[in-house]
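Here's the structure, in structure tokens; my notes come after.
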Amino acid sequence: MSERREVLLREREEAADERERAADAREAAADERELRADARDAAAEARESSADVRDEAANTREAAADLRDAEANERDRVADVREAAANAREAAADAREADADERERDLDAREGRADRQGRALREVVPAERQRSYEHIARAQALIASSEARLHRSAAALRRADAHDTREQRAIDQEIVASAHRAASEGHQLGPEKAS
């Protein structure tokens, strides 16, 4: 019976050893799973940290773009003020020229009446040639005035074109900013929520 007992004891010991080896294998497998889980957690944290860095960089770029937009808006506002002042100066110059034109016509009419009255009274009146030179001088002054008006009108047109260009640039910038915000919001929602 003792031999049988010894066999039974050995079998039990072998079974216990087998169970211990199986437990060790299970523990090693659990350790391996835990290491893989730790590695996945570390990778997830690295991805999250990378996403945070990208978001911060995007926020910095957006803040810089907002600052550039504000500076551009201020430049546009200053340009609009200058343009309004130039338009006011041009309107005043046009009014002065209209007054000068009216005075010139009045002067021509008075000279004509004075010459007719002087001839009727047989007085000495300036010669036709003298009057022609005076008319030429006044006509040249009118031409110079008209050229100045032409230059002011061309300058006003250039200012209007520049204003239109600034407005279009502001519209284009707003479109780009809106598209960027939409893309950024879509990215934050994730591909399944953005669609």
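The values are calculated or read from the model by the stated rules, or taken from the named source; none is laboratory data. Since the structure is predicted, the reported quantities are computational estimates derived from the model, not experimental observations. All Cβ positions, glycine included, derive from the backbone under ideal geometry; neighbour counts span all protein chains shown. Surface areas here come from the heavy atoms of the whole protein model, side chains and all, with no ligands, DNA or RNA. Shrake-Rupley method; radii C 1.70, N 1.55, O 1.52, S 1.80 Å.
Provide the gained length on full extension for the span Glu104 to Arg36, in nm with one decimal, where the gain is 0.36 nm per separating residue minus the Cα-Cα distance.
Working it through step by step, the gained length comes to 14.6 nm.
So how long is each side of the chain along the principal axes, counting just the alpha-carbon atoms, biggest first, in Å?
Principal axes ranked by extent give 176, 25, 20 Å for the Cα atoms.
For the chain, with a Gaussian network of springs between Cα atoms less than 10 Å apart, report the residue from Ala16, Ala30, Ala114 with the top mean-square fluctuation.
Ala16
Most mobile of Glu48, Glu104, Glu34 per a Gaussian network model of the chain (Cα springs, under 10 Å)?
Largest GNM mean-square fluctuation: Glu34.
With a Förster radius of 35 Å, plug the Cβ-Cβ distance of Arg169 and Arg96 into 1/(1 + (r/R0)^6) and report the FRET value to the nearest 0.05. Mind showing how you got there, number by number?
Values: r = 35 Å, r/R0 = 1.01.
Here the calculated transfer efficiency is 0.50.
Roughly to the nearest percent, how much of the accessible area of region 1-96 is carbon and sulfur, given a 1.4 Å probe? Please report the intermediate quantities before stating the final value.
Details: 4110 of 7930 Å².
Carbon and sulfur together cover 52 percent of it.
Can you give the FRET efficiency to the nearest 0.05 for Glu62 and Arg158, using r as the Cβ-Cβ distance and R₀ = 30 Å? Intermediate values should be presented prior to the final figure.
Numbers: r = 34 Å, r/R0 = 1.14.
Efficiency, rounded to the nearest 0.05: 0.30.
Kindly state, to the nearest 0.05, the FRET efficiency for Val53 paired with Val78, given R0 = 41 Å and r defined as their beta-carbon distance.
It comes out at approximately 0.65.
Over the chain, average the accessible area per residue using a 1.4 Å probe and give it in Å², no decimals.
79 Å²
Label points 7 Å out from Cα along the Cβ direction at Glu45 and Glu20: separation in nm?
About 3.7 nm, to one decimal.
How far is helix 128-189 tilted off the main Cα axis of the chain, in degrees rounded to 10, range 0 to 90?
Rounded to the nearest ten degrees, it is 10.
Taking 0.36 nm per intervening residue step and subtracting the Cα-Cα distance, what contour gain separates Ala179 from Ser146 on full extension?
Going from the current span to full extension adds 7.0 nm.
For the chain, set up a GNM with springs between Cα atoms under 10 Å and report which of Val124, Val53, Val78 has the largest fluctuation.
Result for the chain, Cα springs under 10 Å: Val124 fluctuates most.
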